[in-house]
Each structure stands twice: as structure tokens, then as C-alpha cells.
Amino acid sequence: MYQPPTKSFSKHSTSGFTLIELVLALAMATIFLGLVGSGLVIVTKQDRAAAADRSSRYELQRALGFIGNEVQMAQSVNPCPPDFGGVSITANGSTNPYPVLSLTMPIESGLTEPIIYYVATPPAKSPWSGPLVIYRWGPTLNLNGAYSQGSSATSYSYYNEVVVDKITANQLSNNCDAVFTAAIPANHPQGFSACVEPNGMAVKLAVTRSSDHTSRDISLNSVFSRRSRSVSTTAPTCPP
């Protein structure tokens, strides 16, 4: 009687991966994970740097907008900021003050003293980072945008307030456009400057701030026009 052939299996037949194959697979997986991890680290650093730049740019835009809004409200812009002399109005502990903007406010505001924006080196032990800080010498503002009065209804108390920190100490070119005749400062190494029209109707502000996570500096500039129609008939010659 016919007997169908039967399959025979060797005792030495094996299945699965060899040790060498497993070692190679593990090595390749390790290399792949290492590349992926390095890429994630690079992407994370770039995201943090970009976020820091956005934050610095936002703070700089807010500061520039605040200063520009007060320029627009001013009765006149003094192209020759006063010398501090005895630095009696500068912030406690700050050094090397340099005035940039001196704003005379309208009579109806009740302010008899100018509002001054200046740069200075912040105190050694302070929450503000250097190299320079933009300070504002003037009365504080209420939530509705009005100036806060002092002890009486006709007086205003002036204070030193930080507008923005991390201002660079780099030398700015101060190459004002043809319509701007007065450059403030004319020759001073700092990251805050202004160009003023001879009639004082428009001011161009330039600010440079250092970034937290990158070596790049963030620079912004804007032109602000005063709402007041009063003009100066002569262009003053400012000392350097």
C-alpha cells in the first residue's frame, strides 16, 4: 500500500534572530534615538531663544509706545535735554545718567516741571538688568491715563520709574533723516536715542535691547508726531 512521504525535521533547526543580529539592531536603535534626541534638544533651544526674542521685542514695543504716547501729548519737545549736574533727580543707586528726552506738557495738564526720560546704569543690587535702563522722571499715571496728583489738588509728585531695562550700551550711529536736525544724544554710547524736527513737531525714537538667549540685539524705531500744533520758530544748537 502506498505510503505518503513524511517530513523530517532536524534537531538543529532554529528560528528567530542571532546574537549578532540583535547587537546590530540595538546599535542602530541607539544611534537613531541619539540623533532624534539631539534634534529635539536643538529644536527646544531654538524655541526658547525665539520665545525670549518675542518677549524682549514685546517689552520693547510697549516701552516705545508708552514714551511715544507721552511725546504726542507734549506741548513741546526740548531738543537739548538739561544736564543733570548734581544728579539730584536720578534714581537712587543709579550711575552715569544721561538725559535723552525733556517733554514740556500742556498747561491744562497742571504740570509745571518737564517729564524727562534718561538712561543710566542700574544699581548693583536691583531687579533690573543692564547695561543700561531707561528711567522716567515724572508723575505717575492713574488707570485712566491721568497724572496722579500729590498731597494737594494742584501739585504733582515726581518719581523715578523704570520704563525698560537691558538697554545696550552700543554706540548708535544717530544718522537722523534730513527732516530731523537735532540728534539726542549727539555723541554718546547708548541704546536709546532721539531725532527731533527743528520745529519740534515730530520725534524719531530708536531703542536697542539685548536678548536673553541670543547674541543678537533687538532694535526698534518709530516716529511720533505731537498732537499740539504749537511749533518752535528756531532750531536750537545743542551742545555735544
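Details
- If R0 is 30 Å, the Cβ-Cβ spacing of residue 217 and residue 35 corresponds to a FRET efficiency of close to 0.35.
- The HN-Hα couplings worked out from phi for region 18-27 by the Karplus form 6.51 cos²θ - 1.76 cosθ + 1.60 (θ = phi - 60°) are 7, 5, 5, 5, 5, 5, 5, 5, 5, 5 Hz, whole numbers, x standing for Gly and Pro.
- Taking 0.36 nm per residue of separation and subtracting the current Cα-Cα distance, fully stretching the chain between residue 155 and residue 27 would add 38.3 nm.
- Fewest-first ranking of 128, 137, using other Cβ atoms within 10 Å as the exposure measure: 128, 137
- Counted by neighbouring Cβ atoms within 10 Å, the residues 28, 105 run from fewest to most as 28, 105.
- With R₀ fixed at 25 Å, the C-beta to C-beta distance from residue 177 to residue 141 puts the FRET efficiency at about 0.20.
Bear in mind that the values in this text are calculations on the coordinates, not laboratory data. Remember, it's a predicted structure, so these values are computed and weren't measured experimentally. Every residue, glycine as well, gets a Cβ built from its backbone with ideal geometry; the counts of neighbours run over all protein chains shown.
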